[in-house]
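Just so you know, all these numbers are worked out from the coordinates, no wet-lab data involved. Everything numeric in this text was worked out from a predicted model, so none of it was measured. Don't worry about glycine lacking a Cβ; one is built from the backbone with ideal geometry, like all the others, and counts go over all protein chains shown.
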Amino acid sequence: MNNTDSATTQQLILLKARELFLTLGYHKTSMRNIALAANISTGPLYFHFQNKAEIFFHICCQAYEHQLAGFRLAAAQNSSAGLRLRSVFYAYWNFFHSEPQYFEILHLAANPMAGIDLPLPLQQALQEKQAESIFILEQIIQEGITAGELKAYDPRALALFLHASAEGIVRSQQTGVLANCQRDLDAVIQTAVGVIGVGMVNLTEHD
């Protein structure tokens, strides 16, 4: 098997495993299930991955990289802290829309009810990736405070609040709360990004 074939097989395994994890759940998905879905024998499967936990870990890493790519792009914009925070908010929204399976994989990994017990080194590696999204927000906020654009709130606490707000809006869509209130996701997102910065802006510096 040449390098191209090997990489193609590995990506096929990850794709089929992702679909199985979301339809069957983590615990009901077996290595044999994954091999059958990928139309390969278990030999090539174990050549690429030692076990199911390693496969799940790699899928989560892919998901975080898709999410973080949008966050990093938003953070790198040459604009004010408030506008960059809004762009990160939109990046999260775009991640939900464009990569729904990856979005659900990350929530499956974070759901304690799912009972996914990865080996400690893999858990720690995923926690580091998760922390990067918070760090990106925190860094933008700190730069805004330093520039006098934002009030001197605790950057980490504010970053966690904004991250939770983005997740809450998307979850409200999924659980039917927005539909029950006769509001669609786009309208709520537009409202949310319109008020990001209210209460954070350092009015004293701009009077």
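See the values below:
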{"quantity": "J(HN,Hα) series, segment 12-18, from Karplus relation 6.51 cos²θ - 1.76 cosθ + 1.60, nearest Hz, glycine and proline x", "calculated": "5, 4, 5, 5, 5, 5, 4"}
{"quantity": "Helix axis angle, 52-75 relative to the chain longest principal axis, alpha carbon, degrees", "calculated": "30 degrees"}
{"quantity": "Nearest-20 debye value, the chain charge dipole, Cβ charges on Lys, Arg, Asp, Glu", "calculated": "520 debye"}
{"quantity": "Euclidean distance between Cα centres, segment 145-168 to segment 33-83, Å", "calculated": "27 Å"}
{"quantity": "From phi via Karplus (6.51, -1.76, 1.60), per-residue ³J(HN,Hα) for segment 79-88 in Hz, x at Gly/Pro", "calculated": "8, 5, 4, x, 5, 5, 5, 5, 5, 5"}
{"quantity": "Computed [θ] at 222 nm, helices only, for the chain once each DSSP H run of length n ≥ 4 contributes -39500 (n - 2.57)", "calculated": "-24000 deg cm²/dmol"}
{"quantity": "Taking the chain and dividing mean pair separation by its residue count, relative contact order in percent (alpha carbons under 8 Å, at least six apart)", "calculated": "20 percent"}
{"quantity": "Lys/Arg +1, Asp/Glu -1 at C-beta; the chain dipole; positive extreme among N33, A17, A75", "calculated": "N33"}
{"quantity": "Cut-off under 5 Å, modelled amide H: who pairs with L150 long-range", "calculated": "I145, N202"}
{"quantity": "0 to 90° range, to nearest 10: angle between helix 185-195 axis and the chain longest Cα axis", "calculated": "40 degrees"}
{"quantity": "For the chain, built as a Gaussian network whose Cα springs stay under 10 Å, the top-fluctuating residue of G82, G43, G115", "calculated": "G43"}
